[in-house]
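Input: a single structure, listed below in structure tokens.
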Amino acid sequence: KEPDPWIDTPRVNVLLLGGDDGANRVGVRPDTVILASINTANGNIVLFNIPRQLGRAPFPPGSEGHRAWPNGFGPTIGGPPTDCGPNGGELCFFNAIWTRAADNPRLFPNSKNPGLTATRQAVEGVLGLHVDYYGKVNLQGFIDVVNAVGGVTIQVRRRLPIGGGTNMRTGRKNPVYGWIEPGVQHVQGKKAEWFARSRADSPTGNWERMQRQQCLLGALARQINPLQLAMAYPKIAASAKRNVATDIPHSQIEAWITLAERAKQGR
């Protein structure tokens with residue numbers, strides 16, 4: 001019997017980031033921020049969503065983020081986030097942390113990726129949990145991953161627009177290109193992306209979208225066989241070079257396959 005690779009690690013916390021960066025887009029805004037806390041013995045997973053619009057996120061004392069924003073994240077470096085109110089808008093939103101840190105790399109002198117470091121520290125400050133690893137995927141990368149594993153079956157509770165919303169630069173309504181109809185259906189990457197991304201006409205805005213993102217991750221975890229994922233690796237790897245990033249070492253892949261098999265049996 002092979003030794004348990006997780007015997008000395010009872011729990012592992014993985015930060016899952018969905019960024020809106022990609023072709024024809026400027027900067028990085030992680031609109032999906034989820035910490036997956038995994039019980040390595042039985043595969044049970046708890047998902048913590050941090051709202052993209054969370055304001056004045058705290059940082060752990062002693063961290064670079066705390067030195068830059070001791071009173072919580074805001075546009076003012078080294079001082080109080082004075083314009084986080086109704087007129088401050090998105091300047092203090094959680095999803096602005098990455099870009100603000102990337103634009104001020106001197107605040108994170110020991111980091112090759114200040115945006116990631118600041119976001120990671122903010123997650124730790126908000127939840128009080130250590131981030132062991134992270135994985136980040138952009139819009140195209142998410143589509144490619146879902147397509148590579150043959151799609152995913154989801155339950156759609158209300159009719160969701162593909163597109164829509166308001167263009168923040170022009171104030172005009174974005175066009176709706178199609179709809180995801182209610183019911184149980186098997187979807188490929190593009191529809192899966194919009195199931196997770198759509199928030200136009202939502203009665204609760206981003207909150208409903210966060211619920212759909214958790215449902216989608218749960219569906220993928222239940223439906224994808226780890227062996228199936230390994231067989232899809234060549235397709236995923238081609239996209240991953242451009243659209244996916246993680247600090248999980250390649251040497252740990254077998255251990256993570258073991259953990260994925262436990263997660264399928266967990267809750």
Worksheet entry | Pairwise label distance in nanometres, GLU181 with VAL131, each label 7 Å out on the Cα-Cβ vector | 4.1 nm
Fill in: Cβ-defined net charge surrounding GLY189, 13 Å radius [Lys, Arg +1; Asp, Glu -1]
+2
Worksheet entry | FRET efficiency, GLN53 to ILE7 (Cβ-Cβ, R0 51 Å, nearest 0.05) | 0.80
Worksheet item: If amide H atoms are built 1.01 Å from N in the plane of the peptide, which residues on other chains or at least 5 residues away come under 5 Å of the amide H of PHE59?
Response: GLY72
Worksheet item: Hey, what number do you get for the chain at 222 nm if only DSSP H runs of n ≥ 4 count, each worth -39500 (n - 2.57), divided across all residues, to the nearest 500?
Response: -10000 deg cm²/dmol
Practice prompt. Pop out the carbon and sulfur fraction of the accessible area of the chain as a percent, whole number, probe 1.4 Å.
Written response: 55 percent
Worksheet entry | Percent of Cα-Cα distances greater than 26 Å, calculated over the chain | 45 percent
Practice prompt. Name the residue, out of LYS190, LYS112, LYS235, whose mean-square fluctuation peaks in a Gaussian network model built on the chain with Cα pairs under 10 Å.
Written response: LYS112
Worksheet item: Rounded to the nearest 20 Debye, what is the dipole magnitude of the chain about its Cα centre when Lys and Arg each give +1 and Asp and Glu each give -1 at the C-beta?
Response: 740 debye
Worksheet item: Once amide H atoms are built 1.01 Å from N in the peptide plane, which residues 5 or more positions from VAL176, or in another chain, come under 5 Å H to H?
Response: GLY164
Worksheet item: What is the local net charge at GLY125, summed over the other residues whose Cβ is closer than 13 Å to its Cβ (Lys, Arg +1; Asp, Glu -1)?
Response: +1
Worksheet item: Could you give the accessible area per residue of the chain, probe 1.4 Å, as a whole number in Å²?
Response: 54 Å²
Item to complete: Give, in nm to one decimal, the length gained when the segment between ASN44 and ARG159 is fully stretched (0.36 nm per residue of separation minus the Cα-Cα distance).
Response: 38.3 nm
Worksheet item: Using a cut-off of 30 Å between alpha-carbon atoms, which lysines can reach LYS136, once sequence neighbours fewer than 8 places away in the same chain are excluded?
Response: LYS112, LYS173, LYS190, LYS191, LYS235, LYS241, LYS264
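The values are calculated or read from the model by the stated rules, or taken from the named source; none is laboratory data. Since this is a predicted model, take the numbers as computed values, not measurements. Here Cβ is always computed from backbone atoms with ideal geometry, including for glycine, and neighbour counts include all displayed protein chains. Heads up: the accessible areas ignore ligands, DNA and RNA and are worked out on the full protein's heavy atoms, side chains in. Shrake-Rupley method; radii C 1.70, N 1.55, O 1.52, S 1.80 Å.
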